[in-house]
Amino acid sequence: MRFLLISFLSIATLSSCALKTTEGLRIAPLTTTAIVNPYFANEATDYVYKAKIEVYGRYFGGILIVKKLSKNIHRVVFTTEFGSKVFDFLYEGDTFTLNFIVEDLNKKILVNTLRQDFKLLISENSKVSEQFVSDSHSVYKSEGGKRDAYYFFNSVENRLERIINASKRKEKFEIVFYSEAKEIAQQITIQHHNIKLFIDLDYIKND
Amino acid sequence: MHKSFLILLCLIFPVTLLAQETPMNQAEIAAFKSMVEATSKATSTIKSDFVQYKHLDFLDNDIETSGKLAFKAPGWVKWEYTTPYQYSVIFKDDQMLINDGGTKSSVDIGSSKLFKKLNELIVNSVKGTLFKDEDFKISYLKTTNMNKAIFKPYDKKIANYIASFELVFDRDDGGVIEVKMIEPSGDFTKIIFKNRTLNSSLSDAVFTN
């Protein structure tokens with residue numbers, strides 16, 4: 001009887017929700033109030049990635065550098081291969097500071113897109129509002145105003161594999177992590193669905 | 001005993017021992033410029049290895065990348081990173097040819113004033129012949145084994161990106177051994193050249209993407 005009720009509720013909830021992200025997932029009871037993204041959480045690590053960016057058919061290369069400076073504070077800097085800075089972002093909790101960006105790229109829409117992408121990439125702790133489960137993953141929804149984030153952890157190792165940023169109805173972009181060690185993502189891709197923007201990041205050891 | 005004393009001295013007074021930089025006088029500047037120009041004129045090709053250090057004040061370690069440089073007169077340059085990733089840029093005529101780990105692209109420099117300037121800057125710093133450039137205020141320094149020229153841009157737009165630009169020359173042969181680009185924030189990129197070979201044969205095919 002209880003199983004039937006849960007199944008019925010699940011079907012009702014999922015079918016009323018048009019979002020692709022939760023299709024095929026079952027609603028599960030909350031087992032945690034917050035999840036942790038471990039990939040940019042160590043203050044002792046210089047996170048350095050070779051970056052390849054494709055935007056509307058144009059291609060750029062560069063180096064992405066992320067550093068956790070203290071609790072809730074991250075610097076995100078992008079340079080060319082030659083070392084000159086392209087942009088320099090500072091995140092302090094919910095406060096964002098644009099330290100620097102080259103003049104040609106200083107467009108509000110571009111800055112906001114990158115700001116949002118890297119905010120989701122580096123955010124360490126997120127409150128969980130809903131929980132889902134599939135055969136292979138535990139999925140945690142974190143609400144954030146107009147946009148929500150869905151965190152996909154694989155069930156076997158409890159490793160964060162994917163974050164999807166979505167409005168109530170549509171997926172906007174997704175971050176995929178490929179990692180051998182649990183704390184370092186060897187490769188990261190950021191794929192946008194509503195604009196033609198793709199970012200590929202490959203980890204460079206820096207010590 | 002002597003050795004450890006020396007090491008101790010180096011540790012205590014590193015700045016004084018390593019960087020006894022004094023300004024050149026007018027005669028020294030003239031002699032230095034003509035030596036660099038003579039070296040440059042006699043150079044048809046350069047092959048060199050390099051190590052690049054990107055310093056950002058908030059990182060624990062500088063980001064180290066390395067690779068090879070090839071230059072062929074009058075102005076073809078191939079700048080190739082081999083470690084820890086494959087990335088090369090060829091400056092050739094009015095083209096900038098990029099190969100980023102197999103992904104190839106090109107930029108027409110002719111249409112962009114900024115790229116033209118960048119190309120000039122790279123060719124001239126490889127050759128060491130930046131002194132005629134009216135865009136920079138130049139100061140000249142010397143130590144016992146090297147000469148140094150520091151370039152500060154007059155143009156405010158360029159100054160937003162580069163506070164100063166330093167070239168270090170071998171005192172004996174006038175070749176460039178180090179390039180340092182300092183940003184307004186104090187962060188810098190330092191490139192050190194090693195195993196430099198002059199005037200060996202260098203096929204045109206090296207400069208194709």
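Quick note: the coordinates plus some simple rules give every number you see, no bench work behind them. Since this is a predicted model, take the numbers as computed values, not measurements. Cβ placement follows ideal geometry from the backbone for every residue including glycine, while neighbour counts extend to all protein chains displayed.
Test of understanding: what is the full-extension gain from B:Gln20 to B:Thr208, defined as 0.36 nm times their sequence separation minus their Cα-Cα distance?
Result: 63.4 nm gained on full extension.
Need the full-extension length gain, A:Ala28 to A:Glu183, defined as separation in residues times 0.36 nm minus the C-alpha distance. One decimal, nm.
Length gained between A:Ala28 and A:Glu183: 53.1 nm.
For region A:39-165, what is the charge dipole size about the Cα centre, in debye to the nearest 20, if Lys and Arg each add +1 at the Cβ and Asp and Glu each add -1 at the Cβ?
240 debye
Calculate, for A:Ala44 and B:Ala30, the FRET efficiency according to 1/(1 + (r/R0)^6) with r their C-beta to C-beta distance and R0 35 Å; round to the nearest 0.05.
Approximately 0.10, to the nearest 0.05.
Express the relative contact order of chain B as a whole percentage, based on alpha carbon pairs under 8 Å and six or more residues apart in sequence.
Once normalised by length, the contact order is 23 percent.
Have a look at A:Val102, A:Val176, A:Val139 and tell me which one the Gaussian network model of chain A (Cα, springs below 10 Å) gives the largest fluctuation.
A:Val102
Just to confirm the number: angle between the C-alpha axis of helix B:2-12 and the first principal axis of chain B, 0 to 90 degrees, nearest 10?
With both axes taken from Cα atoms, the answer is about 70 degrees.
If you average the alpha carbon positions of region B:159-209 and of region A:135-172, how far apart do those two centres end up, in angstrom?
47 Å
So if we plug the beta-carbon distance of A:Ile109 and B:Thr144 into 1/(1 + (r/R0)^6) with R0 = 56 Å, what FRET efficiency do we get, rounded to 0.05?
My answer for the efficiency is 0.55.
In whole Å, what three semi-axes, largest first, describe the equivalent ellipsoid of the protein assembly as shown built from its Cα gyration tensor (square root of 5 times each eigenvalue)?
Over the Cα atoms of the protein assembly as shown, the ellipsoid semi-axes are 51, 24, 19 Å.
At q = 0.21 Å⁻¹, what is the log10 ratio I(q)/I(0) for region B:18-153, with the Debye formula run over Cα points and no solvent?
These q points yield log10 I(q)/I(0) values of -1.37.
Within the set A:Lys71/A:Lys146; B:Lys137/B:Lys157; B:Lys68/B:Lys92, which residue pairs have Cα atoms separated by over 18 Å?
Check vs 18 Å cut-off fails for A:Lys71/A:Lys146.
Nearest 10 degrees is fine. How inclined is helix A:2-16 to the longest principal axis of chain A, computing both from alpha carbons?
So the inclination is approximately 50 degrees.
Please compute the modelled spin-label separation between B:Glu37 and A:Ser167, points set 7 Å along Cα→Cβ, answer in nm with one decimal.
Once both label points are built, they end up 6.5 nm from each other.
Distances longer than 30 Å among the Cα atoms of chain A: what percent of all pairs is that?
24 percent
Once amide H atoms are placed 1.01 Å from N in the peptide plane, what residues at a sequence separation of 5 or more from A:Val86, or on another chain, have their amide H within under 5 Å of its amide H?
A:Phe78, A:Thr79, A:Thr80
List every residue whose amide H lies under 5 Å from the amide H of B:Met24, counting only residues 5 or more places away in sequence or on a different chain, with H placed 1.01 Å from N in the peptide plane.
Counting only residues 5 or more places away or on other chains, the set is B:Tyr140, B:Leu141, B:Lys142.
Among rounded, prolate and oblate, which fits region A:124-185 when a ≥ b ≥ c are the square roots of the eigenvalues of its C-alpha gyration tensor, a/c under 1.5 means rounded, and a/b larger than b/c means prolate?
prolate
Short version: ³J(HN,Hα) in whole Hz for each residue of region A:142-148, in order, from phi by Karplus 6.51 cos²θ - 1.76 cosθ + 1.60 (θ = phi - 60°), x for Gly and Pro, what are they?
10, 7, x, x, 6, 10, 10
May I ask for the net charge around B:Ser106, where only other residues with Cβ less than 13 Å from the Cβ of B:Ser106 are counted and Lys, Arg are +1 while Asp, Glu are -1?
So the surrounding residues net to -1.
Could you tally the net charge around A:Phe173, taking each other residue with its Cβ under 12 Å from the Cβ of A:Phe173, Lys/Arg +1 and Asp/Glu -1?
Summing Lys/Arg as +1 and Asp/Glu as -1 gives +3.
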